[in-house]
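As structure tokens, the structure follows; a few thoughts come after it.
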Amino acid sequence: MQSDVDIEFISRYASAAGRSTTSNRRTVVYITRDSITYIMTKFHLKAAKYGKDKVRFLKVVRDPVDPKHQDVVEMTVRVLLEGDIEKSYTEADNSVVVPTDTVKNTVNILAKENPVTPPELFAATLANHFPTKYPHIHGTSVSIIVHRWTRLSIDGAEHPHSFLRDGEEKRLVTCTYKRGEAFHITSGISNLLVLKSTNSAFHGFHECDYTTLKPTNDRVFSTEVEATLTHQPYNTLAAISIAAKSLEAYYQRARNTTLKIFAQDNSASVQATMYKMCEDILTHCPGVEEVAYALPNKHYVAVDLGAFGLDNSTPGKQEVFLPLADPSGLITATVSRKP
């Protein structure tokens with residue numbers, strides 16, 4: 001809190017600088033003298049990050065033995081920096097700002113100079129770069145979206161360099177890192193739309209005077225999978241490089257498990273099926289600390305054709321359904337290892 005002496009001091013300098021001011025302690029006081037701006041306020045910058053978002057690139061990876069055989073990786077990257085950057089906000093001093101255009105260039109340069117698969121390793125490479133290169137930057141938060149390209153099959157044979165966009169499914173990766181601390185990495189699945197036309201039930205639920213839903217032993221089960229794997233912390237970039245194959249295997253296991261259990265489980269509820277997915281992933285992926293799912297229930301309701309003498313309502317005879325965009329159920333869960 002300012003004392004009366006402080007306020008008198010401020011008033012004198014404000015007068016000398018030709019600037020009006022006030023001695024009200026609740027007022028922000030600006031004083032300019034010898035090209036220096038003094039700002040006295042009860043506020044402070046609590047947190048700040050900045051960087052570049054939506055940096056997109058496609059990398060072509062050529063087989064060293066057969067350059068015509070190629071893979072492609074398309075990513076959208078966000079990089080946010082934090083550190084000793086307060087005065088760029090509070091004093092309009094840009095000397096501490098690494099331009100966001102530089103951040104964009106860095107993404108492209110490191111994509112050229114380093115492997116981009118698995119994306120967990122590339123995210124860590126980016127996260128490590130900025131605190132290493134710039135002493136006043138203490139930490140980096142990286143988010144990567146991997147857009148899915150699937151190799152074309154022509155006359156039963158995989159084509160060496162042609163691909164199709166296989167739906168809107170995305171692979172997600174985040175990596176946060178602060179100098180002197182561990183790397184924290186997550187892997188995720190997003191926009192994976194699945195549907196099964198039977199082997200899904202929902203009955204035995206709580207009923208009250210507001211309940212209109214009818215129990216069923218057979219229904220369409222559809223959802224758009226959102227899943228996140230939280231990996232164990234890694235102390236160094238070298239440790240992540242060593243674990244690269246495991247990180248890729250964990251993601252593939254999670255995706256395959258999601259599809260396999262979704263298809264094969266005689267589902268009693270979305271909750272029960274989801275929990276089985278989490279159990280399998282944690283059982284077979286020792287480097288994963290926890291698994292989270294969010295499964296919106298995409299409803300398909302049998303159309304009542306009774307007015308036309310057609311039975312489309314009896315279980316086993318339901319064939320024509322109305323897709324409902326909303327409202328939709330939303331079921332979430334996070335499963336971790338016991339301490």
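The values are calculated or read from the model by the stated rules, or taken from the named source; none is laboratory data. Owing to the predicted nature of the structure, the values given are computational and were not obtained by experimental measurement. In this analysis, Cβ positions are derived from the backbone assuming ideal geometry, glycine residues included, and neighbour counts consider all displayed protein chains. Areas reflect the complete protein model, heavy atoms only, side chains present, ligands, DNA and RNA absent. Shrake-Rupley method; radii C 1.70, N 1.55, O 1.52, S 1.80 Å.
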Counted residues, region 151-188 - those being under 17 Å from Phe57 (Cα atoms) and open to solvent by less than 40 Å² (accessible area, probe 1.4 Å): 2
If we only count helices (runs of 4 or more DSSP H) wholly inside region 228-295, which ones have 3 or more residues that are more than 16 Å from Val335 (Cα to Cα) and open to solvent by 10 Å² or more (accessible area, probe 1.4 Å)? 237-242, 244-264
Taking the residues in region 296-319 that are open to solvent by less than 80 Å² (accessible area, probe 1.4 Å) and without any contact (Cβ under 8 Å) to a residue 12 or more places away in the chain as candidates, determine which candidate is farthest from the chain's Cα centre (by Cα). Gly309
Filter region 88-135 for residues that are of a type in the set (Phe, Trp, Tyr) and open to solvent by less than 20 Å² (accessible area, probe 1.4 Å); which is nearest to Arg62 (Cα to Cα)? Phe122
Does Thr228 count as under 30 Å from Thr132 (Cα atoms), within 23 Å of the chain's Cα centre (by Cα) and assigned by the TED database to the domain that holds Phe122? yes
Say whether the condition of being closer than 22 Å to Glu82 by Cα and not β-branched (Val, Ile, Thr) is met by at least one residue in region 183-192. yes
Looking at region 136-149, is at least one residue in the same structural domain as Ala239 (by the TED database), open to solvent by 70 Å² or more (accessible area, probe 1.4 Å) and farther than 21 Å from Ile189 by Cβ? no
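Check region 320-328 and report whether any residue there is within 30 Å of Ala123 (Cα to Cα), open to solvent by 50 Å² or more (accessible area, probe 1.4 Å) and either outside the structural domain of Pro118 (by the TED database) or in a strand (DSSP E or B) (or both). Before the answer, list the steps.
Pass one, region 320-328, residues within 30 Å of Ala123 (Cα to Cα): none.
No - not one qualifying residue is present in region 320-328.
Could you please find all residues in region 304-339 being acidic (Asp, Glu) and modelled with pLDDT of 95 or more?
The first filter runs over region 304-339 and keeps only residues acidic (Asp, Glu), leaving 304, 311, 319, 326.
Answer for region 304-339, where residues must be acidic (Asp, Glu) and modelled with pLDDT of 95 or more: Asp304, Asp311, Glu319.
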